[in-house]
Amino acid sequence: KDDFVPFSDTIQMALEDFKIFSFGSNSIKQLRGRLENPDLVSIPAKLYGYNRIFGGNAKSWGGSGTASLWKTGDDKSVTFGSMVDISSDELALLDGFEGHPHVYKREPVSVLAATSQEANILNDATLE
């Protein structure tokens, strides 16, 4: 049985709240610190049709590549991550850390998010 349900992430600037898919270094711990919001909650999620790759040259990572997504179009490709609800103000703050729109671009994606019961179990197990 798959404990994930479909979720369509349609980011629109007119909305007050946003759902983001984190798949690299933006763990819930890092997001809480960067956005100064200790109440943020992450829900485990999967993105099909994409692979996580490492590219670019990040000074903050000692010149190594940063996590990026590569669209494969193959439903067997899967990237594991988490979904987090943030406000428009938090999105603007995150953009400063991430370099949007010059370093990366946002794209709407459809992810499978864990059911609320499964997410609560996983979040409780990983909170620090």
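Values quoted throughout were computed directly from the atomic coordinates according to the rules given, and no laboratory measurement underlies them. Computed from a predicted model, the values in this text were never measured in an experiment. All Cβ positions, even for glycine, are placed from backbone atoms using ideal geometry, and neighbour counts span all protein chains on display.
Points worth noting:
- Inter-probe distance in nm under a simple model that places probes 7 Å from Cα toward Cβ, at Glu36 and Asn51: 4.1
- Cβ-based net charge around Tyr48, under 9 Å, with every Lys or Arg adding one and every Asp or Glu removing one: 0
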